[in-house]
1. Could you say which residue among Gly87, Gly100 is free of Cβ contacts under 8 Å to residues at least 12 places away in the same chain and over 19 Å from Leu253 (Cβ atoms)?
2. If you check every pair at least six apart or on different chains, which have Cβ atoms under 8 Å apart with a residue in segment 200-221 that is aromatic (Phe, Trp, Tyr) first and a residue that is assigned to a helix (DSSP H, G or I) second?
3. Would you be able to say whether some residue in segment 17-26 is more than 9 Å from the ligand (Cβ to nearest atom) and either within 21 Å of Thr96 (Cβ to Cβ) or of a type in the set (A, V, I, L, M, F, W, C) (or both)?
4. Name, by its number, the condition in (1) more than 14 Å from the ligand (Cβ to nearest atom); (2) of a type outside the set (Ser, Thr, Tyr); (3) in a strand (DSSP E or B); (4) in contact (Cβ under 8 Å) with a residue 40 or more places away in the chain that does not hold for Pro108.
5. Restricting attention to segment 1-58, which residues are over 22 Å from Pro203 (Cβ atoms) and among the charged types (D, E, K, R)?
6. Name the residues in segment 121-149 that are in a helix (DSSP H, G or I), more than 21 Å from Val202 (Cα to Cα) and more than 13 Å from the ligand (Cβ to nearest atom), would you?
7. Can you find, within segment 66-76, the residue that is surrounded by the fewest Cβ atoms within 10 Å (Cβ to Cβ) among those that are in contact with a Lys or Arg (Cβ under 8 Å, 6 or more places away or on another chain) and outside any strand (DSSP E or B)?
Amino acid sequence: MGLERMDRRYWDRLAPQYDEEILSSFDADLSGIIARRLDELAGPRKTALDFGCGVGKYLPPLAARFQRVLGVDHSEPLLAVARRDHGDLANVTLRTWDAGTGRAVPGPRRDVVVCANVLIMADAGLRDAILRSAIRSLAPKGRLLLVVPSLESALWAHRLLVHWYEREGSNDPESEAAEDGFPPSARTCRELLRGIVRIDGVPTRHYLAEDLRLLLHRSGLEVLHLDRVFYDWHSEFERPPRWMRDPFPWDWLAVAHRR
Ligand SMILES: C[S@@+](CC[C@H](N)C(=O)[O-])C[C@H]1O[C@@H](n2cnc3c(N)ncnc32)[C@H](O)[C@@H]1O
């Protein structure tokens, strides 16, 4: 995949090969922390909003834990896959919604809003608008469950890649790893300082734990839990060596409510 912007057309084009390209955080979560946090938030009379639901990986676990679930996304082709795969879930509704407007999703506010790996585009204004839309869709005492890529984890993966080249006897492990990962240019450096890491050439926002805390605080929220969602090294490398074990790569998982 070449250099691309993460706009709606990007997501539309991904639909046919979504599973090969995009890790499902819920399914790949090694410790099951996402399921446990959802258990704590669940209730037979509670409602959930899967905000940027994509092909609907979170729909079955949400349908099992909440009375009603609405999944929204701006990509029709992704929603079509969600309808095909999960259209049988009686308490789930799917709707097209562009969160970039910053407005609340029409209808009643939800008890729980799940926003898993949606705030990942490089455009800061768009990310702010999407977060505003998610928070405005939340009931006054509701909870936001956010999953975002970790910048610490991306740097850790890069460090291990260098170590991997060292173990294989490379004369210049830093350069070999840089060719696979972040090319050492001034532009890359500037991007990195803004939390942008290119994944398959696509600029993708990653977050320091403190970044995420600050973002949520500035949005009027208080963080109740901040956890790591660990994944297998296959999520980073095609054929990770056997010595590559924990600490595994991770995303940040935050549960927050209004202050
Ligand atoms: C990495 S996928 C995550 C999908 C799903 N939340 C999951 O974790 O399996 C990001 C999703 O965000 C959606 N998205 C991005 N920008 C959006 C916007 N402005 N409005 C609605 N959905 C958006 C994309 O279409 C895509 O489905």
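Derivation of every value follows stated rules applied to the coordinates shown; laboratory data play no part. These figures come from a predicted structure and were not determined experimentally. Heads up, the Cβs are rebuilt from the backbone with ideal geometry, glycines too, and the neighbour counts pull from every protein chain shown.
1. On inspection, the qualifying residue turns out to be Gly87.
2. Between residues of segment 200-221 that are aromatic (Phe, Trp, Tyr) and residues that are assigned to a helix (DSSP H, G or I), the close pairs are Tyr207/Leu151; Tyr207/Leu215.
3. no
4. (3)
5. Hits for segment 1-58 are Asp19, Asp27, Asp29, Arg36, Arg37, Asp39, Glu40, Arg45, Lys46, Asp50, Lys57.
6. Ile135, Arg136
7. This residue is His74.
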